[in-house]
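The values are calculated or read from the model by the stated rules, or taken from the named source; none is laboratory data. This one's a predicted model, so the numbers in the text were calculated from it and none came from an experiment. Cβ sites come from the backbone with ideal geometry, for glycine too, and all protein chains shown count toward neighbours.
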Amino acid sequence: MRNHTLGLPLVLAFVLTCVGSAGGADPVSNSRRNAITEAARRVSPAVVSVVVTQTRIVSYDPFGGFGIDEFFRDFFPRRQFREEVQSMGSGFIVSTDGDVITNAHVVRNASAIKVTLPDNREFDAELLGLDNGLDLALLRIRGRDLPAAPLGTADDLLIGEWAIAFGNPFGFMLRDAQP
């Protein structure tokens, strides 16, 4: 009898917890909404992946590192060839006209730039400007119905306020825009 007496309160507590969770789903989900989740909701459609192609000239010395390259250099000169290298970065659309802000180090020396939106639309991008000191670059893409991230002003900032960064540097959002 003693085992049944202990088990009944446990089962009752479990059932009440489940009923309470099912009936109270809205307050729990509403309590999870805050400034950060709201910012993510508003900005994420404008966060883009930036794929850059760079053409590099690479030298190959077949005897380099063996200490005998001085002797063989006259007989076997270094070979140079062009190599296409792709890298990825992130950015965000700041106007419905297609202006995209990204980092200068992402697009520096690019021979081609492609921008992919979370809805998988892909655009060729034109480099409009670059500031190495600020590590910022401005790109332009041509398209319709482009989402733009709403930007604030410095006057809206408060000392001690949270700052968050959104990005898609590895292209993960291209497969699934949801976490």
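So the values come out like this:
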quantity: Output for region 137-179, where each listed residue is surrounded by 14 or more Cβ atoms within 10 Å (Cβ to Cβ) and modelled with pLDDT of 90 or more; calculated: A137, L138, L139, R140, I141, G143, L146, P147, A148, A149
quantity: Checklist (1) modelled with pLDDT of 85 or more; (2) under 29 Å from A163 (Cα atoms); (3) not hydrophobic (A, V, I, L, M, F, W, C) applied to N30, failing item; calculated: (1)
quantity: Members of region 113-137 that are in a strand (DSSP E or B) and more than 14 Å from V52 (Cα to Cα); calculated: L128, G129, L130, D131, L136
quantity: Residue match in region 74-82 (condition: outside any strand (DSSP E or B), of a type in the set (K, R), touching a residue at least 24 places away in the same chain (Cβ under 8 Å) and out of contact with any Leu (no Cβ under 6 Å at 6 or more places or on another chain)); calculated: no
quantity: Unique match (being surrounded by 10 or more Cβ atoms within 10 Å (Cβ to Cβ), assigned to a loop (DSSP other than H, G, I, E, B) and modelled with pLDDT of 90 or more) among S90, S95, S49; calculated: S95
quantity: In region 52-87, the residues that are touching a Gly at 6+ places or on another chain (Cβ under 9 Å) and modelled with pLDDT under 75; calculated: R78
quantity: Test: residue in region 109-118 that is in contact with a Lys or Arg (Cβ under 7 Å, 6 or more places away or on another chain) and either surrounded by 11 or more Cβ atoms within 10 Å (Cβ to Cβ) or of a type in the set (F, W, Y) (or both); calculated: no
quantity: Filtered residues of region 138-149 (kept if under 17 Å from the mean Cα position of the chain (by Cα) and part of a loop (DSSP other than H, G, I, E, B)); calculated: P147, A148, A149
